[in-house]
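To start, the structure itself, in structure tokens.
Laboratory data are not the source of any read-out in this text; all were calculated from the coordinates shown. Bear in mind the structure is a predicted one, so any value in this text is a computation, not a measurement. Using ideal geometry, Cβ is built from the backbone for each residue, glycine included, and neighbour counts are taken over all protein chains shown.
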Amino acid sequence: MALILFNKPYLVLCQFSRQDGRTTLADHLDIPDIYPAGRLDADSEGLMLLTDDGRLQHDISDPTHKQPKTYLVQIEGIPDAVALSKLRAGIDLGDFTSKPAKVVEVAEPAWLWSRDPPIRQRASNPTRWLALTITEGKNRQVRRMTAAVGLPTLRLVRVAIGPYSLESHPLLPGESRVVDAAELTASRR
């Protein structure tokens, strides 16, 4: 049973099948019979887990076993106490209400790579970084959460899933590493 950590680059599709000349996981991973355990949107970057074990893939992706996921979120604007409180409490996003999140304002980590192409920056609009941890993973959830409190997401980087993080398992965009799945199992206990 293989468990692979992969740092998904910006604009890479989370699939192995080719699509209209776009870059996919197949352009970065040449390991047979592995599948993503969860997804990241093309315009998001960062940590993904992949495995060749269907049961493990299901366990990682199943909502009843959701691992906490931590994102570095570059936002446009300066978060105030009210916005942070709303993010922490859970937000009604129309089709669902997000579960409470852990949110702290952070400095941009020194180890974070530059994005290519860089994000758009407007001199009149300051940006800040948040570390935001959720235990669910609805479509575009983090972007929708920050937008709901008036802080649009400019850059979204998943930096941790359960016990695995890009800080403790450094990978540059496009790099992967095989790890012991027992660490994941132990973190659930």
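List of remarks:
- For segment 77-117, dividing the convex hull volume of the Cα atoms by the residue count gives 137 Å³ per residue.
- Beta bridges from DSSP with both residues in the chain: antiparallel share about 90 percent, rounded to the nearest 5.
- By the rule of a C-alpha distance below 20 Å, with chain neighbours fewer than 8 residues away ignored, the lysines paired with Lys86 are Lys69, Lys99, Lys102, Lys138.
- Segment 116-189 versus segment 1-77: alpha-carbon centroid distance in Å: 12
- Here the calculated FRET efficiency for Trp111 and Asp180, from their Cβ-Cβ distance with R0 = 30 Å, stands at 0.85, rounded to the nearest 0.05.
- Computed over the chain, Cα set: Rg, Dmax in Å: 16.5, 51
- Gained length - Thr97 relative to Arg22, 0.36 nm times residue gap less alpha-carbon distance: 23.7 nm
- The modelled label-to-label distance between Leu171 and Asn125, using points 7 Å beyond Cα along the C-beta direction, is 3.1 nm.
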